[in-house]
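Asker: Handing you this structure, nothing more for now.
The values are calculated or read from the model by the stated rules, or taken from the named source; none is laboratory data. All values derive from a computational prediction rather than experimental measurement. Because the Cβ atoms are built from the backbone with ideal geometry, glycine has one as well, and the counts that use them run over all protein chains shown.
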Amino acid sequence: MDNRDRIMRLREEMVLPRADFAELLTSMSKEDEEFLYAQARDVRESVYGKEVYIRGLIEFTNYCRKDCLYCGIRASNKDCDRYRLSKEQIMECAQIGYELGFRTFVLQGGEDMTFTDEEMCAIISGLRKGWPDCAITLSIGERERESYEAYFAAGANRFLLRHESVTPDHYAGLHGGKLSIDTRLKCLKDLKDIGFQTGCGIMVGSPGQTVEHLVNDLMFMKEFGPHMVGMGPFIPHARTPFRDKPAGSLEDTLHMLGIVRLMMPEVLLPATTALGTIIPTGRELGLLAGANVVMPNLSPKQFRSKYTLYNGKPATGEEAAESVDKLRAKVESTGYRVVTARGDHAGT
Ligand code: 5AD
């Protein structure tokens, strides 16, 4: 079987034997890549047409109790200038976002336990009441099942929690040996069970990652059936233990995006900021490889530079929600178009 056959088989059966995933990930020619992306676009267009959904990202706290070795807002980074947004500031972001055409707000933050369940629920209810036609997505890490239940009851609809790597040793290696993938997977199961549209995902090219790990991640995603998959390249941050590690590659990231689209036709798949950071046209290339979501930044401008998960993270231009017109133009250059819609998962 050659790679074209593998890609066609993946499209038809929506999965491949492990050995074929591994082969595909390591031996794609330029022609194979183009073929993969064309198939991925075809599948995405059969489900979502030419529409690209936009999400307004509100980075509401960069305090974090975790110490992930890759992340710039890890607890031991003493150089990180910490901030928290108040509920009022968050509501202001939403108001601005709504006027710009956003119908999904993503509340993303470090694991900041000063945002208690009560506090989180007050914020979620405030958003739900103020903008009843919008989806609310949370990206706030690991919490108890009861907490997740409370957020769902308060009106949150979606939850992003990248699994980072389903391979136990690799997961431990990314988190200083302190965290277990089992906890992460339990959270993901709870979230899906509660009724959230749930997103998992990985960094492509994270330190220590092998092709076998990527295959494990693909197999896990197939089995778990997420509504969303967040995948961007790893990018080193100067104030982390991984400062000298190489970034993930554009090609590897695009391959994974194309494969995930063929494996899960209805998945909501962002062309991530990290992809747009390693190469200026990264996001457009992501859209052309099967992605159908972009998530510009709605956080107040003065805080954006403080939410640095990795070096070079942009805070202006088409990354910024207030420049949504620039983003529209960029997206249109790919033949797709930004729409003002909640953009729920097609199977939901
Ligand atoms: N490079 C790329 N992505 C990163 N993330 C955190 N640190 C980095 C980095 N250095 C990603 C993680 C996390 C998400 C919020 O951001 O995958 O889940």
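Asker: Is it fair to say V106 is closer than 30 Å to E12 by Cβ and among the aliphatic types (A, V, I, L, M)?
Answerer: no
Asker: Determine, yes or no, whether R304 is of a type in the set (K, R), surrounded by fewer than 20 Cβ atoms within 10 Å (Cβ to Cβ) and free of Cβ contacts under 8 Å to residues at least 24 places away in the same chain.
Answerer: For R304, the condition - of a type in the set (K, R), surrounded by fewer than 20 Cβ atoms within 10 Å (Cβ to Cβ) and free of Cβ contacts under 8 Å to residues at least 24 places away in the same chain - is not met.
Asker: Mind telling me which of the residues E59, E111 ends up being touching a helix residue (DSSP H, G or I) at 6+ places or on another chain (Cβ under 9 Å), within 16 Å of the ligand (Cβ to nearest atom) and under 24 Å from L161 (Cα atoms)?
Answerer: None of the other options fit; the residue is E59.
Asker: What about V260, is it outside any loop (DSSP other than H, G, I, E, B) and within 16 Å of the ligand (Cβ to nearest atom)?
Answerer: Here the answer is yes, as V260 does meet what is asked.
Asker: Filter the range 263-277 down to residues that are part of a helix (DSSP H, G or I), within 16 Å of the chain's Cα centre (by Cα) and of a type in the set (A, V, I, L, M, F, W, C) and give me whichever is surrounded by the most Cβ atoms within 10 Å (Cβ to Cβ).
Answerer: If we take residues in the range 263-277 being part of a helix (DSSP H, G or I), within 16 Å of the chain's Cα centre (by Cα) and of a type in the set (A, V, I, L, M, F, W, C), then L275 is surrounded by the most Cβ atoms within 10 Å (Cβ to Cβ).
Asker: Restricting the search to the range 277-310, which residues are over 26 Å from R41 (Cβ atoms), away from the ligand (no atom under 16 Å from the Cβ) and charged (D, E, K, R)?
Answerer: Passing the criteria: only K301.
Asker: Out of all the residues in the range 167-185, which are within 22 Å of V260 (Cα to Cα) and more than 16 Å from the chain's Cα centre (by Cα)?
Answerer: Across the range 167-185, the qualifying residues are T167, P168, H170, Y171, I181, L185.
Asker: Here's another thing I want to ask about it. Return the residues of the range 137-151 that are surrounded by fewer than 19 Cβ atoms within 10 Å (Cβ to Cβ) and touching a helix residue (DSSP H, G or I) at 6+ places or on another chain (Cβ under 7 Å); say none if nothing qualifies.
Answerer: E142, R145, S147, E149, A150
Asker: What's the number of the condition G176 fails, among (1) without any contact (Cβ under 8 Å) to a residue 40 or more places away in the chain; (2) on the phi > 0 side of the Ramachandran plot?
Answerer: The single condition G176 does not satisfy is (1).
Asker: Out of everything in the range 124-143 that is touching a residue at least 60 places away in the same chain (Cβ under 8 Å) and away from the ligand (no atom under 16 Å from the Cβ), what residue ends up being farthest from T61 (Cα to Cα)?
Answerer: This residue is D133.
Asker: Still on this structure, I have one more. Checking the structure you have, find out if any residue of the range 21-38 is touching a strand residue (DSSP E or B) at 6+ places or on another chain (Cβ under 8 Å) and at pLDDT 95 or above.
Answerer: For the range 21-38, residues touching a strand residue (DSSP E or B) at 6+ places or on another chain (Cβ under 8 Å) and at pLDDT 95 or above: absent.
For every residue, the table says whether it meets (1) surrounded by 22 or more Cβ atoms within 10 Å (Cβ to Cβ); (2) part of a loop (DSSP other than H, G, I, E, B); (3) of a type in the set (V, I, T); (4) touching an Asp or Glu at 6+ places or on another chain (Cβ under 7 Å).
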| residue | (1), (2), (3), (4) |
| --- | --- |
| F159 | yes, no, no, no |
| H170 | yes, no, no, no |
| G176 | no, yes, no, yes |
| K192 | no, no, no, no |
| G199 | yes, no, no, no |
| I202 | yes, no, yes, yes |
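Asker: Only residues that are in contact with a Lys or Arg (Cβ under 7 Å, 6 or more places away or on another chain), assigned to a helix (DSSP H, G or I) and at pLDDT 95 or above: list them for the range 286-329, please.
Answerer: Within the range 286-329, L288 is the sole residue that qualifies.
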